[in-house]
Amino acid sequence: MQYKLLEENHEIDRLQTCIKELSEHHNKLNPHFKRIYPIDPISETLSKFKNEVRDKYRLIYALVKNEDIEGFCSISFKDNQGSIDYLYVKESMRNSGYGSIFMNWALDEFSSRNIELIDVQVVTGNPAESLYKKFGFETRIHLMTRPITK
């Protein structure tokens with residue numbers, strides 16, 4: 001098992017399965033998320049990741065086992081604000097401390113960039129909320145959404 005910073009386009013493309021699994025996880029957790037998540041097609045998310053990594057606005061740290069990505073954390077930053085945009089660990093690897101390793105990495109990266117405020121959005125019902133609280137995150141707002149049906 002090793003951790004790797006993903007910097008090349010072909011490495012970032014390997015996140016497709018994880019993002020798909022994360023989407024399915026969110027849709028199972030919250031019935032209101034069905035048909036909403038992912039908001040953008042996965043291909044567009046990966047393209048955005050590549051551009052932002054290239055432009056130095058995003059870092060992606062991955063847990064790799066036998067060339068397979070078992071989890072990843074994607075953070076972004078601008079000026080003095082940061083965001084934990086994705087933190088995913090495959091179901092079989094959860095509750096083994098990997099989420100905390102990703103969180104410590106993210107917080108260290110934010111600190112080294114003098115980030116003053118970090119946001120993370122958590123799907124209602126996601127047990128990972130307790131991980132974020134353990135690291136000092138507090139609920140600041142509740143975001144409500146409604147899909148437009150045609």
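The numbers here are math on the coordinates, done by the rules we state, and not lab data. A quick note: this is a predicted structure, and the numbers were derived from the prediction, not measured. Please note: Cβ atoms are built from the backbone with ideal geometry, for glycine as well, and neighbour counts cover all protein chains shown.
From least to most packed, judged by other beta carbons within 10 angstrom and beginning with the fewest, H25, H142 follow the order H142, H25. For Y86, the residues whose amide H sits under 5 Å from its own are S74, ignoring neighbours fewer than 5 places away on the same chain, with H placed 1.01 Å from N.
Among C73, C18, the ranking by other beta carbons within 10 Å of each residue's beta carbon, starting with the fewest, stands as C18, C73. Using the Stokes-Einstein relation with a Kirkwood hydrodynamic radius computed over Cα pairs, the translational diffusion coefficient of the chain at 10 °C and a viscosity of 1.306 mPa s comes to 98 µm²/s.
In the structure shown, the pairs K48/K133; K78/K134; K50/K78; K4/K134; K20/K56 are assessed against 20 Å; a Cα-Cα span above that value is assigned to K48/K133; K78/K134; K4/K134; K20/K56.
How big is the charge dipole of the chain about its Cα centre, in debye rounded to the nearest 20, if each Lys and Arg gets +1 on its Cβ and each Asp and Glu gets -1 on its Cβ? Don't skip to the answer; put the middle values down first.
Values: 21 positive and 22 negative charges, 108 e Å.
It comes to approximately 520 debye.
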